[in-house]
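Let me begin by presenting the structure, written as structure tokens, before commenting on it.
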């Protein structure tokens, strides 16, 4: 009887969360945006333990998740409750109209044995959904990707204590002694013939592709092998009150990456990661054009701590960026604040972007930066160069930035490129306290500054 009451209460809480009204965030916006539609999930509820789930941190629960999702699918959808415990598992794939609800003290933990994530010779994310409708992840629990068993580590980014801890796992140190890879580990077998090949097999932790009506709410998503949360070519996405975290030095540890997605709300989230914090991408080249733009997106009331950038566009956005509002966010300790990065072969066109009321402190590099010769350098490589081409040249334009307050950035504003690639951008009513340079702009015509002040110690 007690168990039935507990599960029923969880179901009620899940349904109540979906009823939240997000219309308040869409008042008085500088662009006309539409709030995303929320998923519709039946009230039917099951518990993972009913399908053999065991939260002892040892038992593999891959089959239990699969059976529970199949049962919900046959019933027309509903809520899968994950109770308190540590549930080790391999990948799982969502069906339509399913809510994965993690109760307080529940943790879903990706199996550190890489073979558990292999499917047809490829590594698949911990949680996936493809061409699904009405799906959600809710609750107060954790989803952990066991990223230290997957990621390469740069010696210069860790202390002696951390470096020695990695070596105790086994693994492989490069001849120069500058990198450690989780290859030839003591506890687990390799899934490739070399550390370089295995490094390329890392993938995202949660990826939704071509899905509609998605809600991710309340949970903590941490320590991914690569990017943490990736809606790709999705429509009607709400990410609310989520904590995304991993070590500051986690390679490719992006937090929230929206890829060619439309009708998105990102609100009240806490991000502290090893790469870009909240990032928008729209594909590279012809593939990006086919995937389409990031469009009709509101990003508000978020806090970003360590990240390569608090809010980022790029590097690939050939599909374009349009109708985007970023307002009322705080960045503290990020490498850069507002970062716009791309290069030929990766670029597209931005339009109708409004960024305002951003508060930054302790920014390691630039508060606002535009870079148009970005080169991607995977871990272990230092030979990457920007493409030399005239196709898919980035065009950062029609961007309106206002009411920015920044204390302690090394550089206030930086813009590198040509006026063809950076133009018709306004900054208004902004305050930058810098420590080295106020502004480094290749062409004064790129940016229009109105009531922008720069201060430093002397």
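Summary of computed values
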quantity: DSSP-defined antiparallel bridges as percent of all bridges, the chain, nearest 5; calculated: 5
quantity: Crossing angle, helix 62-74 versus the chain [Cα axis fit, 0-90 degrees, rounded to tens]; calculated: 90
quantity: Tilt relative to the chain, helix 2-18 - C-alpha long axis, 0 to 90 degrees, to 10; calculated: 30
quantity: √(5λ) per eigenvalue of the Cα gyration tensor, the range 220-288, largest first, Å; calculated: 20, 16, 8
quantity: Förster-model FRET efficiency, 22 Å R0, residue 93 and residue 301, C-beta, rounded to 0.05; calculated: 0.10
quantity: Burial order of peptide ranges 54-66, 360-372 (average beta-carbon count within 10 Å, highest first); calculated: 360-372, 54-66
quantity: Most to least packed among 282-295, 217-230, 262-275 [average Cβ atoms within 10 Å]; calculated: 217-230, 262-275, 282-295
quantity: Pairs of alpha carbons in the range 235-458 whose separation is greater than 24 Å (percent); calculated: 38
quantity: Along each principal axis, Cα extent of the range 185-249, largest first, Å; calculated: 41, 25, 19
quantity: Residue 441/residue 50 FRET efficiency (R0 41 Å; Cβ-Cβ; nearest 0.05); calculated: 0.10
quantity: Where labels lie 7 Å past Cα in the beta-carbon direction, separation of residue 448 and residue 357 in nm; calculated: 2.4
quantity: Descending principal axes extents, the range 111-198, alpha-carbon based, whole Å; calculated: 49, 32, 21
quantity: Cα Rg, Dmax (largest Cα-Cα span) when computed across the chain, Å; calculated: 22.3, 72
quantity: Cubic angstrom per residue, convex hull over Cα atoms of the range 208-341; calculated: 86
quantity: Share of pairwise Cα separations in the range 153-195, more than 16 Å, in percent; calculated: 32
quantity: Percentage relative contact order, the chain, counting C-alpha pairs under 8 Å, at least six apart; calculated: 9
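Taken together, the values in this text are just the output of simple stated rules run on the coordinates, not laboratory data. Worth saying up front: this structure is predicted, and the values here are computed from it rather than measured. Cβ coordinates were reconstructed from backbone atoms using ideal geometry, including for glycine residues, and neighbour counts include every protein chain displayed.
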